[in-house]
2 protein chains.
Amino acid sequence: MDKYDKVMDLAKRRGFFWPSSEIYGGVAGFLDFGPMGTLLKRNIERRWRETFIHRHHGLVFEIETPVITPSKVFEASGHVDHFTDFIVECLSCHKRARADHLILEQAGEVQGIEGKTPADLDELIAERGVKCQECGGGLGKVTTFNLLFRTSIGPYSENVAYMRPEAAQGMFTNFKTIFTSMRERLPMGLAQIGKVMRNEISPRQGPIRLREFTIMEIEFFFDPKSPGCELIGEVSDRRLNLLTEKAVAAGCTSPSEVTVREALENKYIPSEWQAYFMALSSEFISELGAPPESQMFMAKLANERAHYSAGTYDQLVKLERWGWVEVSGHAYRTDYDLSRQQECSGQDLSVFRKFEAPRRDKVLLARPKIDQITDKALIGKIAAAIKGMDALRLKNLLSSGPAEIGGVTVRPEYVDFAEGEITVTGERFIPHVAEPSFGADRLSYLALECAFTEKDGRVVLSLPRSIAPVQVSVFPLVNKDGVREKALEIFREIRRSGLIADFDDGGSIGRRYARCDEVGVPVAITVDYQTLEDGTVTLRDRDTWSQERVPSKDLCCVIRGRISRP
Amino acid sequence: MDKYDKVMDLAKRRGFFWPSSEIYGGVAGFLDFGPMGTLLKRNIERRWRETFIHRHHGLVFEIETPVITPSKVFEASGHVDHFTDFIVECLSCHKRARADHLILEQAGEVQGIEGKTPADLDELIAERGVKCQECGGGLGKVTTFNLLFRTSIGPYSENVAYMRPEAAQGMFTNFKTIFTSMRERLPMGLAQIGKVMRNEISPRQGPIRLREFTIMEIEFFFDPKSPGCELIGEVSDRRLNLLTEKAVAAGCTSPSEVTVREALENKYIPSEWQAYFMALSSEFISELGAPPESQMFMAKLANERAHYSAGTYDQLVKLERWGWVEVSGHAYRTDYDLSRQQECSGQDLSVFRKFEAPRRDKVLLARPKIDQITDKALIGKIAAAIKGMDALRLKNLLSSGPAEIGGVTVRPEYVDFAEGEITVTGERFIPHVAEPSFGADRLSYLALECAFTEKDGRVVLSLPRSIAPVQVSVFPLVNKDGVREKALEIFREIRRSGLIADFDDGGSIGRRYARCDEVGVPVAITVDYQTLEDGTVTLRDRDTWSQERVPSKDLCCVIRGRISRP
């Protein structure tokens, strides 16, 4: 068994997670989380919320939008056209598979496979003799397969809707409403933690590639003319392992360690906010247990990037079986999405940028020439028609003769054009967006793999104390003479204080330590005869296995001290 | 404007919630939650988690299962066949509507409409002249419409799946795996907080009837032979407003106040665990701001209950526009779901009940009659075939002559049947289930409506302090002379302590009080010149509007004291 198998075995046996719907044979790409896994995942979400949202309250706000989304939103975002993978069908058994994965598995590493076209892949398949994995049969032509799960809303099947593949679009469609209710200030980040669905063709990496997972992402809106991050100073000296776009293009695979400051000075990272979030991500992933030296940020080449991105870094962590795996994505989405949603909805999603001082701008002005308009009843209508239109556009229109505007015929001789000056206090623009994005399920697996250690022939799950599912276990040494009752009393007291506590009265103390080490409980408390005499209990540490006597009245405080250590 | 309109206006203007995808004209039955609404909803979920799960850690466990679920699960549960509403189509404009709602709207109250058949409804429509609401046209025949959102998994469209309409089935399909990993103890509750989807035909009650919402529910598994609730003593004296099944059947509409003890003694509530959760629900809904006198529990009649339930109480709260609205459901699902999932999956989902003392049971025993089996090579095979089968079934089988069993022909004369005794240590059974179930979105609306008050011509949102989105607002009296800097310093200190704090430096202090009263901020802090001298700030209370000077060094402690009050 490699580490992945060991972790997955533990995960099922002890209530972390396992393939969904197992009693029906399971279904690839879906995971069920048990009691331990759910506590772990909620803790990861909580720490993400604290690190990325609450720390920035007033600047970043959590929102929540539905999973089921009308098709128009994803037509606008480009997902209906572009959110696709390459699929290929076996000509003899008709099994369908993801074309690029099949090639990588059978032909080995192919540089830049994410940027290939279907024709490129057909060629690779022919060249390298790639066959159906099931039956060895020949493969048909590579085509595209859209990864959106499709459904329809209400009793009319023509009302097509999709399960969202990212939470981002909910932030874009709501940007203007929230910007208004939050008093129109930029920068402003909107965040979501919620389910997303991607209909992967044939996922085969357990919790690493899921068809349904919990995304945690921020769309951070800023003025591209004031792109500075006010918090960058807090992270300038942090060191990141960076594999820049240039390095990737040159085929380099080992990252360089640079500070955030150097990365920005050398324009390795296109936006200060993106750099800020990358630094936070590095801190966050370290907190989950992946040491900095097993992390890197790799730039994606232009032809590998999602259709909306002008610059993306993937944060990768090295796992034992799966190699370098993406744990977060950092895309610079520019004004792409807001512009598209504005265009397709016809709603104004722009915001107003006030100039430091009002400006006098030279403009073309159009006025009705009243003396030329013989039918005096028309003057009002013509004045209104002229007023409702940009003067330059009007001039162009009239250069080819009379025009029908707002129900009246405006003749060239009716309008006088002249240069003038107006006071302009500002201008409208579409904000730019930096997006950090994480998957909570994959991170739950990551935390388990990083924490998984074996000691004296058994498993100790050295989970970071801030995310350990259960914080303390309470054991009565014996189940008689009032020891059990005392232990239950202490257990209830601990639980009332808000800590997640287990009570275990089965088997030897050694077996009980082993059971709680296996799910990463940081602290175990044993209640014995001495407790009845002097009120002290034995406190035992998961990682050092050291024991000490602690007065039971200080217990909650001592435990909180222990679990706030890294 | 009635209260509903006022609340919805506030909800949109101040970032609570509004119809989803508004820039595309909105889509009925979906809600977007803004910054304030998401904080509120998360707080409601947190309080539910604390009340129903964490308080019972070791007895109730949170789990998480996917929204997208293979069709087999909902075929087994009965949802594919029974999760339907009545639909009727207009013969002239072809608009479809929910038949029972149309009748209620046009013909007024109809007793027991939930239990009617399509034919009953056709009759009612004809009798009372119910017409299309859009065009006044005549209506076609009433039929059923399945409320499951449908999709398919992977690249084969025949792999049908549904969005789950309840989280419950994920608890049933995982029951056995979790029961095993949690050391096989009953009772055991599994809980989920997560999205569910119901394709309502034509929802028109805003946040009250959604097509996608967050369910919070527990499936509580217990041994029907030990149905006692160990925690019932904690709630026996609580008073509930109950409208029993008998009272409902008799057409009674006003509930009686009874204690939990009386309700159980008189068998108004079929299960102790159900009664326990009803008592917790009453406490929980009160905490959200609905006074006990505006709550009641109404029994559902047999023909109105969901197909899986042997007894259901709906908890109702009276709202201004919508009347009595369901805020939680308490179903006694018996062993229906586990039995169905066991039957359809072929997996054993039963658990073992150990007898207090082993029992000697009289049984029929079957043994091979070796002397009758002439082909001695067959003895072993025949012995194995006999052993692998229930003796009584074997006897019945052989009563009609020789039978083919496990590849050998067993002749009646080969087998000797005799009464014998065996030691039986226990028996297998399917646990029963009590289910409390809530919708977090509807509760968010409920909390707003209950908190909505007007005072001196403006809105004060008197949200319970435990769920207020923002806990404290910090104001600098002026934006000069170091006052703003001091206020920012205090604001950052408060935020670092983990409180959700706003900073507001715009407009008069009165306007700022009004702004934060409107979103229910319990405490406002004003920093002024005196703060620079003696370190005190003005602390102002949302509900009493009283002000006092407090040393800024004690601030976090004082604020926590304030917000822990009800």
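Evaluate peptide A:55-63: per residue, the Cβ atoms of other protein chains within 10 Å of its Cβ; return the mean as an integer.
5
Rounded to two decimals, what is the ratio between the C-alpha radius of gyration of segment B:1-117 and 2.2 N^0.38 Å?
Ratio of Cα Rg to 2.2 N^0.38 Å: 1.50.
Among all the lysines, which ones have a C-alpha under 17 Å from A:LYS387's C-alpha, if same-chain residues fewer than 8 places away are not counted?
Straight-line reach from A:LYS387, under 17 Å: A:LYS369, A:LYS395.
Order of B:483-493, B:184-194 by packing, highest average Cβ count within 10 Å first?
Highest-to-lowest ranking by the protection proxy: B:184-194, B:483-493.
Taking the Cα centre as origin and putting +1 on Lys and Arg beta-carbons and -1 on Asp and Glu beta-carbons, what dipole magnitude results for segment B:475-566, to the nearest 20 debye?
On the way: 16 positive and 16 negative charges, 51 e Å.
The dipole of segment B:475-566 has a size of about 240 debye.
Size of the protein assembly as shown along its principal axes in angstrom, Cα-based, largest extent first?
Extents along the principal axes: 129, 77, 74 Å.
Once each part is reduced to its C-alpha centroid, what is the distance from segment A:196-221 to segment B:19-55 in angstrom?
About 22 Å separates the Cα centre of segment A:196-221 from the one of segment B:19-55.
Relative to the longest principal axis of chain B, what angle (0 to 90°, nearest 10) does the C-alpha long axis of helix B:555-564 take?
So the inclination is approximately 50 degrees.
Helix A:272-287 sits at what angle to the longest principal axis of chain A, using alpha carbons and giving 0 to 90 degrees rounded to 10?
Roughly 10 degrees between the two axes.
Which percent, nearest 5, of DSSP beta bridges in segment A:392-515 are antiparallel? Could the numbers behind the result be given before it?
Values: 7 of 10 bridges.
Within segment A:392-515, antiparallel bridges account for around 70 percent of the total.
Would you please give the residues with an amide H less than 5 Å from that of B:ARG353, counting only those at least 5 places away or on a separate chain, with H modeled from the backbone geometry?
Those qualifying (amide H under 5 Å, at least 5 residues apart or on another chain) are B:GLU427, B:ARG428, B:PHE429.
Compare the Cα positions of A:SER92, A:GLN341, B:SER564 along the charge dipole of the protein assembly as shown (+1 at Cβ of Lys, Arg; -1 at Cβ of Asp, Glu; about the Cα centre) and return the one farthest towards the positive end.
Of the listed residues, the answer is B:SER564.
Tabulate in residue order the Karplus-calculated ³J(HN,Hα) for segment B:100-107, using 6.51 cos²θ - 1.76 cosθ + 1.60 with θ = phi - 60°, rounded to whole Hz; enter x for Gly and Pro.
5, 5, 4, 5, 4, 5, 9, 10
How long, wide and thick is segment B:457-552, going by the Cα atoms along their three principal axes, in whole angstroms, largest first?
34, 31, 22 Å, listed from the longest principal axis down.
Charges at C-beta only: +1 for Lys and Arg, -1 for Asp and Glu. How large is the resulting dipole of segment B:1-114 about its Cα centre, in Debye rounded to 20?
Value, rounded to 20: 660 debye.
Roughly what % of Cα-Cα distances in segment B:243-290 sit above 12 Å, to the whole percent?
Above the 12 Å cut-off, segment B:243-290 has 67 percent of its Cα pairs.
Considering the Cα trace of segment B:76-147, what is its radius of gyration and what is Dmax, both in angstroms?
Computed over the Cα atoms of segment B:76-147, radius of gyration and Dmax are 12.3, 41 Å.
Using a 10 Å cut-off around each Cβ of peptide A:69-78, what is the average number of partner chain Cβ atoms that fall inside?
The mean count of partner-chain Cβ atoms within 10 Å per residue comes to 3.
Compute the label-point distances linking A:ARG13 to its equivalents in the other copies; points lie 7 Å from Cα along Cα→Cβ; give nm, one decimal, shortest first.
Ordered by increasing distance: 6.1 nm.
Considering only chain B, pick the residue with its Cβ nearest the axis of the rotation onto chain A, and state the distance in whole Å.
B:THR151, 2
For A:SER473, list long-range residues whose amide hydrogen, built 1.01 Å from N in the peptide plane, is under 5 Å from its own amide hydrogen.
It is A:ASP502, A:VAL523, A:ALA524, A:ILE525, by chain and number.
Set Lys and Arg Cβ to +1 and Asp and Glu Cβ to -1, take the dipole of segment B:99-218 about its Cα centre, and tell me which of B:ASN146, B:VAL160, B:GLY115 lies farthest positive.
Toward the positive end, the furthest listed residue is B:VAL160.
Go through segment B:413-422 residue by residue and turn each phi into a ³J(HN,Hα) via Karplus (6.51, -1.76, 1.60, θ = phi - 60°); whole Hz please, and just put x for glycine and proline.
6, 6, 10, 10, 9, 8, 6, x, 10, 10
Roughly how far apart, in whole Å, are the Cα centres of segment B:56-126 and segment B:468-515?
Each part reduced to its Cα centre gives a spacing of 49 Å.
Kindly provide the Kirkwood hydrodynamic radius of chain B in Å, to one decimal, from all pairs of distinct alpha carbon atoms.
28.0 Å
Quick one: which of B:516-527, A:551-562 comes out on top by average Cβ neighbours within 10 Å, and what's the full order, highest first? Display every interim value, and only then the final one.
On the way: B:516-527: 23.8, A:551-562: 15.8.
Descending packing order for the listed peptides: B:516-527, A:551-562.
Tell me the mean residue ellipticity at 222 nm calculated for chain A from its helices only (DSSP H runs of n ≥ 4, each -39500 (n - 2.57), averaged over every residue, nearest 500). Kindly include the intermediate steps, with their values, before the conclusion.
Details: 18 runs with 176 residues, N = 566.
Value at 222 nm, helices only, nearest 500: -9000 deg cm²/dmol.
Would you mind checking the radius of gyration and Dmax of segment B:461-509 based on alpha-carbon positions, in Å?
Over segment B:461-509's Cα set, Rg and Dmax evaluate to 12.1, 37 Å.
What are the distances, in nm and sorted shortest first, from the label point of B:PRO358 to the label points of the same position in each other copy, with each label point placed 7 Å from Cα along the Cα-to-Cβ direction?
Between copies, matching label points for B:PRO358 lie 9.8 nm apart.
What is the mean number of Cβ atoms from other protein chains located within 10 Å of the Cβ atom of each residue in peptide B:145-151, rounded to a whole number?
4
What span do the alpha-carbon atoms of segment B:232-373 cover on each of the three principal axes, reported in whole Å from largest to smallest?
Extents along the principal axes, in whole Å: 85, 33, 31.
With viscosity set to 1.306 mPa s and temperature to 10 °C, compute the Stokes-Einstein D of segment A:395-547, Rh being the Kirkwood radius across alpha carbon pairs; µm²/s, no decimals. Spell out each step's value before the answer.
Working: Rh = 21.4 Å.
Here the translational diffusion coefficient equals 74 µm²/s.
For a quick protection proxy, order the peptides B:214-223, B:389-398 by their average other-Cβ count within 10 Å, most packed first.
Answer by packing, highest mean first, reads B:214-223, B:389-398.
List, shortest first and in nm to one decimal, how far the label point of B:GLY535 (7 Å from Cα along Cα→Cβ) is from its counterparts in the other copies.
Spacings between copies for this position, smallest first, are 3.3 nm.
In Å, what Kirkwood hydrodynamic radius results for segment B:425-489 from the alpha-carbon pair distances?
Kirkwood hydrodynamic radius for segment B:425-489: 17.1 Å.
Let me check I have the definition right: for segment B:66-216, take the eigenvalues of the Cα gyration tensor, multiply each by 5, take square roots. What are those semi-axes in whole Å, largest first?
Sorted largest first and rounded, they come to 37, 18, 14 Å.
Can you give me the angle between helix A:35-48 and the longest principal axis of chain A, using Cα atoms only, in degrees from 0 to 90, rounded to the nearest 10?
That helix lies at roughly 50 degrees to the long axis.
Can you run phi through the Karplus equation (6.51, -1.76, 1.60; θ = phi - 60°) for segment A:188-194 and list ³J(HN,Hα) in whole Hz, with x for Gly and Pro?
Those phi angles translate into 8, x, 10, 10, 9, 10, x Hz.
Please compute the modelled spin-label separation between A:LYS267 and A:ALA418, points set 7 Å along Cα→Cβ, answer in nm with one decimal.
Inter-label distance under the simple model: 4.7 nm.
Rule-based calculations on the coordinates, nothing more; no lab input. Keep in mind that what you see is a predicted model, and the values were worked out from it rather than measured. We place every Cβ from the backbone using ideal geometry, glycine too, and count neighbours over all the protein chains shown.
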